[in-house]
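Taking it in order: structure first as structure tokens, then the write-up.
The values are calculated or read from the model by the stated rules, or taken from the named source; none is laboratory data. This one's a predicted model, so the numbers in the text were calculated from it and none came from an experiment. Quick reminder, even Gly has a Cβ in these numbers, built from the backbone with ideal geometry, and neighbours come from all protein chains shown. Please note that ligands, DNA and RNA were not included when accessible areas were found on the heavy atoms of the full protein model with its side chains. Shrake-Rupley method; radii C 1.70, N 1.55, O 1.52, S 1.80 Å.
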Amino acid sequence: MTDLIVFAALFATYAVLRTATFGGPSGGQLFSLGNALTETLILLTSSFTCGLAMLAVRSNKKNQALTWFSVTFVLGATFLCLELQEFSGLIVGGNGPQANAFLSAFFTLVGTHGLHIAVGLLWMIIAIIFIQIRGLTPSVVSKLERLSLFWHFLDIVWIFIFTIVYLMGRVI
């Protein structure tokens, strides 16, 4: 619930500051909708593969669970690399978080999501190790269910980011 509150506050801040460019470029001028769509498809696919991993867990298929969590990890890491590449390109172009209030809100919102993705990836590595060492015990399954919920939450947050920041940013 704390993550929900944090993201609600970040979205509210972004909504207030989205037009505070102080003569600088807007989101529509800075962001590539194609790149954002690619990130979205990768993250949605990772959510699907996470679901497949949980189906394997519930069927007590350890190797399938390991495979699907590994695929989910690779997709999540790919998403994070694309997000970091976007950040790098903006900063190199002189559009870092210090440029104006809009970009400060953007970097904070999207960066917080990226940080949560990184935490999810770390958690996934630990989960994969637990599956390999301990198997699919009730304790491990419980941890995997929480990881899956966390991962799906991040997917939902990204859908809001994609819609509010990237799609609506093209209009505003």
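The table below lists the values:
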{"read-out": "Residue check for L122: open to solvent by 70 Å² or more (accessible area, probe 1.4 Å), under 19 Å from I161 (Cα atoms) and in a helix (DSSP H, G or I)", "value": "no"}
{"read-out": "The listed residue being touching a Ser or Thr at 6+ places or on another chain (Cβ under 9 Å), open to solvent by 20 Å² or more (accessible area, probe 1.4 Å) and either touching a residue at least 24 places away in the same chain (Cβ under 8 Å) or assigned to a helix (DSSP H, G or I) (or both), out of I164, I133, I128", "value": "I128"}
{"read-out": "Given (1) exposed (fewer than 15 other Cβ atoms within 10 Å of the Cβ); (2) in a loop (DSSP other than H, G, I, E, B); (3) among the polar types (S, T, N, Q), index of the condition T38 fails", "value": "(2)"}
{"read-out": "Residue count for segment 82-117, restricted to those that are aliphatic (A, V, I, L, M), open to solvent by 40 Å² or more (accessible area, probe 1.4 Å) and modelled with pLDDT of 95 or more", "value": "5"}
